[in-house]
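Worksheet: one structure, shown below.
The values are calculated or read from the model by the stated rules, or taken from the named source; none is laboratory data. Model, not experiment: these values are computed from the prediction. Ideal geometry is used to build each Cβ from the backbone, glycine not excepted, and the neighbour counts take in all protein chains shown. To get the accessible areas, we keep the full protein, side chains included, count just its heavy atoms, and leave off ligands, DNA and RNA. Shrake-Rupley method; radii C 1.70, N 1.55, O 1.52, S 1.80 Å.
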Amino acid sequence: LAKREAQEEIARLGRLFSAAPAAIAMTEGKDHVFTLVNPSYEELVGRSDLVGHAVIETMPELANQGFIELLDHVLETGQSHIGRGVPIRLSRDGLEPELRFVDFVYQPISDIEGAVTGIFIQATDVTETSKALLSLRESEQRFEAIVNSIDQMIWSTTADGYHDYFNERWYKFTGVPRGTTDG
């Protein structure tokens, strides 16, 4: 009965991992051999049949991107690693490497004695969000360059009259320190 309950629990967890919207994988040992990979992870990396193969074997483009070294570090130290908006070049579906951005966690997996034996990987593709933020930053930089290159003082206010922006000409003309005329 206990064996059947344990098998049912393992099957339930397998279904849970498989249905998870986040990319999930588990590796084992110094070679970081995949022991579990859900469909979302396969979609993220553009590959299937990863289980039983080392990370570097299945994704050689990761060499020199720092991810293998991070896996090594987590395995050696037992300290998890969190990455946010990290650029990664992936050769998805056998195509030329493409730039993606991911949020990810490398969480050490320990055995009953506390020795780190593997790594739990959870990742989310944040490429579209990262590209939008990058585009917004570039747009803000262009705006700043334009408004600071003209000989006019420029400021703006919100609908309630709160002064929220002053260009460089304003500060040069008034001689006041940045931020002292906000509000």
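Before moving on, here are some points about what is shown:
- Subset tally (residues that are under 18 Å from Pro97 (Cβ atoms) and free of Cβ contacts under 8 Å to residues at least 60 places away in the same chain) for the stretch 11-60: 12
- Meets criteria (hydrophobic (A, V, I, L, M, F, W, C), in contact with a strand residue (DSSP E or B) (Cβ under 8 Å, 6 or more places away or on another chain) and loosely packed, with under 15 Cβ neighbours inside 10 Å) for Val45: no
- Among the candidates Ser130, Ser135, Ser156, residue that is touching an Asp or Glu at 6+ places or on another chain (Cβ under 9 Å), at pLDDT below 90 and of a type outside the set (A, V, I, L, M, F, W, C): Ser156
- Of all the criteria given as (1) of a type outside the set (A, V, I, L, M, F, W, C); (2) farther than 26 Å from Val126 by Cβ; (3) surrounded by 11 or more Cβ atoms within 10 Å (Cβ to Cβ), the one not satisfied by Gln7 is (3).
- Where strands (runs of 3 or more DSSP E) fall entirely within the stretch 99-183, those with at least 3 residues that are open to solvent by less than 50 Å² (accessible area, probe 1.4 Å) are at 116-125.
Residue-by-condition table, conditions (1) under 22 Å from Asp72 (Cα atoms); (2) not hydroxyl-bearing (Ser, Thr, Tyr):
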| residue | (1), (2) |
| --- | --- |
| Ile88 | yes, yes |
| Leu95 | no, yes |
| Tyr106 | yes, no |
| Arg137 | no, yes |
| Ile150 | no, yes |
| Trp155 | no, yes |
| Ala159 | no, yes |
| Asn167 | no, yes |
| Tyr171 | no, no |
